[in-house]
1. Before I look further, what does the chain give for accessible area per residue, probe 1.4 Å, in whole square angstrom?
2. Among [x] 13.0, 46; [y] 30.5, 109; [z] 17.0, 51, find the value of Rg and Dmax of the Cα atoms in Å that was calculated from the structure presented, and write down its label.
3. What angle, in degrees between 0 and 90 and rounded to the nearest 10, separates the Cα long axis of helix 2-31 from the longest principal axis of the Cα atoms of the chain?
4. Extending each Cα 7 Å along its Cβ direction at residue 2 and residue 97, get the distance between those two points in nm, one decimal.
5. Using the Cβ atoms and a cut-off under 13 Å, what net charge is assigned to the surroundings of residue 51, where Lys and Arg are +1 and Asp and Glu are -1?
6. Determine, for each peptide in 106-116, 74-84, the mean count of other beta carbons within 10 angstrom over its residues, then list the peptides with the highest first.
7. Taking all protein chains in place and a 1.4 Å probe, what share, in percent, of the accessible surface of segment 1-101 do carbon and sulfur account for?
8. Given Cα pairs under 8 Å that are at least 6 residues apart, what percent is the relative contact order of the chain?
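The values are calculated or read from the model by the stated rules, or taken from the named source; none is laboratory data. It should be emphasised that the depicted structure is a prediction, and the values quoted were computed from it without experimental measurement. No Cβ is skipped: glycine too gets one built from the backbone with ideal geometry, and neighbour counts run over all protein chains shown. Ligands, DNA and RNA are stripped out before the accessible areas are found, and what is left, the full protein with its side chains, is counted by its heavy atoms. Shrake-Rupley method; radii C 1.70, N 1.55, O 1.52, S 1.80 Å.
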Amino acid sequence: MLLALILFSVALAAAAQILLKHGMNQATHRLGHPFRFDGRDVSAVARTPAVWIGLALFGFSAIVWLAVLSRAALSYAYPFAALTYVVIVAYDTVRGEAVTGLRWAGVALIVAGIILVSRTPAHG
């Protein structure tokens, strides 16, 4: 049950990042330039539904994460948050983005570290 909660939180956080990126791509496409911290750009982002959905997913993932933290030591649970990066790299690959071998090596190290952590007790 604990691992399922952790993975659910990771999936929600990764989906939130993907939606935020999609929303920012939409907003900056409409603006015609990368995001700047001015009123026009903030307004454009605020009118982008994908950004709001991404933020809502982050909020929900935080609530699930709180449930995880109530059940496990932080030193056990927190390394699993790095799986979000693994999901994002896989997503980029599916979308046809170039992912270098060095980046994949980093993903392999993250996965290896999480496997090692998962073999330890969740408490203390």
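1. Numbers: 7610 Å² over 124 residues.
For the chain, the per-residue accessible area is 61 Å².
2. [z]
3. 10
4. Here the modelled spin labels are 3.2 nm apart.
5. Working: positive: 21, 30, 47; negative: 41.
Around residue 51, the surrounding residues sum to +2.
6. Numbers: 106-116: 13.3, 74-84: 16.6.
Highest to lowest by the protection proxy: 74-84, 106-116.
7. Details: 4170 of 5910 Å².
Carbon plus sulfur share of accessible area: 71 percent.
8. On the way: 113 pairs, mean separation 39.7, N = 124.
Relative contact order here is 32 percent.
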